[in-house]
1. At V48 and K150, where each label point lies 7 Å from the Cα along Cα→Cβ, what is the point-to-point distance in nanometres?
2. Rank these for me by crowding, E159, E94, going from fewest to most other beta carbons within 10 Å.
3. Please report the orientation-averaged projected area of the stretch 76-203, defined via the convex hull of its C-alpha atoms, in nm².
4. May I ask you to derive the relative contact order of the stretch 85-127, considering only C-alpha pairs under 8 Å and at least 6 residues apart, and to give it as an integer percent?
5. Taking only C-alpha pairs under 8 Å that are 6+ residues apart, what is the relative contact order of the stretch 40-202 in percent?
6. Give me the distance in nm between label points sitting 7 Å out from Cα along the Cα-to-Cβ direction at E199 and E110, one decimal.
7. With r as the distance between the Cβ atoms of K63 and R166 and R0 = 25 Å, compute the FRET efficiency 1/(1 + (r/R0)^6) and round to 0.05.
8. What is the dipole size for the stretch 40-202, taken about its Cα centre, with +1 at each Lys and Arg Cβ and -1 at each Asp and Glu Cβ, in debye to the nearest 20?
Amino acid sequence: MHLTRDLQMMLKKALQILLIALPVTFAELWLLDFGVRLPTVEVVAQTVDQRKLEADRLFEEGKKQFSNSQFEEALQLWQQALVIYREIGDRQGEAESLGYLGAVYSSLAEYEQAIGFYEQSLAIAREIGYRLGEANSLGSLGAAYESLAKHEQAIDFYEQSLAIYREIGDRQREAGSLLNFGNTYSSLADYEQAIDLYEQSLA
């Protein structure tokens, strides 16, 4: 079959769109006639796996840089990881990257920016039923609002975070949440409540 290059390109695009509605085997017959080779399921899966490995590598490297207070480097690495997680549809990876980006901005005392990232992370965690991620985001929001001296909002987020940690049985994070909770009440000069929370965190 002899077709002009422009016509071939138009037909290829049209037929590729038809893949959404037509059985793959039927569409392949047409595309093969124009020299188009469809990627196999195995090839697509391999590509996704490779991209996830790259995103995970960037994510972990970001954590290393963050622990060394290399915030700009961590920011860039997590931004790159976020792009890939979104590209491959890894919602948990996306949520975690957004949360860590929020942590960078919190470390830079850019709390409003941090809150924006924490809220995005929280929304995704709730959407996919990722309870640990939800609790972490709530706790991070509490810490950010505490840094802005918005104590009532901080308490609200800490309460929600604490409830989830208890629900999923994460004792270590429960203790950390109680400690943060106590610090908030200490800032409000409610020392009796603060001491009670500190004691719970040590129990």
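Read-outs throughout are calculated quantities, based only on the coordinates presented, and are distinct from any laboratory measurement. Only a predicted model underlies this, so the values are computations on that prediction, with no experimental measurement involved. Cβ coordinates were reconstructed from backbone atoms using ideal geometry, including for glycine residues, and neighbour counts include every protein chain displayed.
1. Those two pseudo-labels are separated by 3.8 nm.
2. E159, E94
3. Numbers: hull surface 30.6 nm².
For the stretch 76-203, the mean projected area of the Cα convex hull comes to 7.7 nm².
4. Numbers: 37 pairs, mean separation 17.7, N = 43.
Relative contact order here is 41 percent.
5. Values: 205 pairs, mean separation 20.4, N = 163.
13 percent.
6. 4.3
7. Details: r = 26 Å, r/R0 = 1.05.
So the FRET efficiency works out to roughly 0.45.
8. Details: 13 positive and 28 negative charges, 63 e Å.
Magnitude of the dipole: close to 300 debye.
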